[in-house]
Amino acid sequence: MSGPVTPAAQGRPRGKSRGSRPVSRELCLRALYQRQLTGDDLARLIALGEEDEIYPRANGPFFATLLAGVMAQSDALEADLAPYLDRPVDQLSPIERGCLLIGAYELTHSLDVPYRVVINEAVELAKRYGGTEGHKYVNGVLDQLAKQVRRAETEAGKR
């Protein structure tokens, strides 16, 4: 017998377009964590996300797009983050790394999302899933990246 039947396999849409983006980011973080542990590919990670109990509350298309984007751009995102890190990216905890990759992707590719929202969402994920002080690290790194890649927006926020 094959594995569980996903909504997509049953002919239903892969997710609501009006679901929660924060829940989608949480699913993306879980998928990135899974990938670091197992090396699963995008299709498997999306399928696992669709089976997650929180998936019905997520914005399915946003989850899939975010995960695909982070995975496709991970080398470039890590290069963008590198100047602001105090250690090599492979020495980051899996949670910090995932939060930073999600935040970096959104800062560079989701220009419709205000930079403060991007940083706040990544920090909240780090608080929920990361170590005691990890959220402060995520905040500091993404704040520095935002000043570089969203210069006009961050400077306008100072006024």
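Bear in mind that the values in this text are calculations on the coordinates, not laboratory data. All values derive from a computational prediction rather than experimental measurement. Glycine also receives a Cβ, built like all others from the backbone with ideal geometry; neighbour counts cover every protein chain displayed.
Values computed for the structure shown
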item: Degrees between helix 94-109 axis and first principal axis of the chain (Cα, 0 to 90, nearest 10); result: 80 degrees
item: Residues Glu50, Glu153, sorted so that the one with the fewest Cβ neighbours within 10 Å comes first; result: Glu153, Glu50
item: Other-chain or far-sequence residues with amide H under 5 Å of Ser20's (modelled H); result: Ala58, Asn59
item: Spatially close lysines, pair count over the chain: Cα under 26 Å, gap of eight or more or interchain; result: 6
item: Estimated distance in nm for a label pair at Asp52 and Lys136, the labels positioned 7 Å out from Cα along Cα-to-Cβ; result: 2.8 nm
item: Acute angle (nearest 10 degrees) that the helix 21-38 long axis makes with the longest principal axis of the chain, alpha-carbon atoms; result: 80 degrees
item: Simple spin-label estimate for Val113 and Arg44 in nanometres, 7 Å along Cα-Cβ; result: 2.6 nm
item: Which of Arg35, Arg25 has the fewest Cβ neighbours within 10 Å, and the rest in rising order; result: Arg35, Arg25
item: For the chain, convex hull volume per residue from C-alpha positions, Å³; result: 116 Å³
item: Fewest-first sequence of His109, His135 by Cβ atoms within 10 Å of each Cβ; result: His109, His135
item: Ellipsoid equivalent to region 55-148 - semi-axes via the Cα gyration tensor, in Å; result: 19, 15, 13
item: Cβ-based net charge around Ala82, under 15 Å, with every Lys or Arg adding one and every Asp or Glu removing one; result: -4
